[in-house]
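Structure first, then comments.
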Ligand code: OAD
């Protein structure tokens, strides 16, 4: 792939890098995205029945069982070249921050450190009532998504809920603030595999652009880049990121 000349210069000169990822970075690990037309989870499932606090209260077993099914799929997934390249990039760059919307741990499995998880983590459930954290005792064993009643909190008896951020809920405040600070300070932001449709996470690239960062979208879908410091590299993260890493000559 030939990168635009003016992008290559910007890549060479960048010193403060933020990588912002969405479900597309895990797609090549076999993990379904949310909004891809045929394969996305929200093409097959209704988020309002599964991913809101009201849905959990209405039918806890439906919601818990669905997240257990997803947890099982994620336990079988492995990092792909995109996750591995992002981890390598962190090794090369002194000022680096990875921010993800993903609730999997594939970035960590690839070796990334200090990852900001804006939407929580499916492996870190907690009590719906008292927020005490809960440890899974076993991996789920399911052929498909089925109803499973959530376990009870050992502290207050409340229902254990998935450790993810649902629609209508606030992002973890410290994480979001740290992500905004990193985005505002970045001179390069790589936006990898996100539709950019879910706020407030989706405001991070705009924040970086406003602060004159170079923003590079890596996605098989076209991105309308409106500004001179905004670029779109069309393709999968697993193909493009290794090529892009080769353009970044950094040493810590
Ligand atoms: P989406 O499913 O909305 O978007 C996934 C993006 O990844 C799309 O733009 C795809 O074109 C792109 N994509 C697909 N395969 C790719 C590949 N191999 N390489 C690069 N890009 C690829 O997922 P998100 O933007 O992450 O919320 O969705 C944001 C939030 O909405 C999620 O965090 C989730 C969901 O509801 C929570 O879990 C709270």
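Coordinate-derived values only; no laboratory data. Every value quoted in this text rests on a predicted model; they were computed, and no experiment measured them. We place every Cβ from the backbone using ideal geometry, glycine too, and count neighbours over all the protein chains shown.
Classify region 50-102 as rounded, prolate or oblate, taking a ≥ b ≥ c as the square roots of the eigenvalues of its Cα gyration tensor: rounded when a/c is under 1.5, otherwise prolate if a/b is larger than b/c and oblate if not.
oblate
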Taking the chain and counting helices only, DSSP H stretches of n ≥ 4 at -39,500 (n - 2.57) each over all residues, the nearest-500 ellipticity at 222 nm comes to -10000 deg cm²/dmol
Expressed as a whole-number percentage, the relative contact order of the chain with C-alpha contacts under 8 angstrom and at least six residues apart is 25
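Evaluate region 100-243: find the radius of gyration of its Cα atoms, find its Kirkwood radius, and give the ratio Rg to Rh.
1.04
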Residue 43 and residue 178 label points (each 7 Å along its Cα→Cβ direction) are spaced in nm at 3.5
For the chain, the longest principal axis of the Cα atoms and the Cα long axis of helix 237-247 enclose an angle in degrees, to the nearest 10, of 40
Residue span residue 5 to residue 136: 0.36 nm per residue of separation minus Cα-Cα distance leaves a gain in nm of 42.2 nm
Taking only the alpha carbons of region 1-101, the radius of gyration and the largest Cα-Cα distance, Dmax, both in angstrom, are 18.1, 54
Relative to the chain, whose Cα atoms define the longest principal axis, helix 60-76 and its Cα axis are tilted in degrees, nearest 10, by 50
In nanometres, the difference between 0.36 nm per residue of separation and the alpha-carbon distance of residue 72 and residue 199 is 43.0 nm
With Cα coordinates, the longest principal axis of the chain makes an angle with the long axis of helix 81-92, in degrees rounded to 10, of 60
Per principal axis, largest first, the Cα atoms of region 18-174 extend in Å by 47, 36, 30
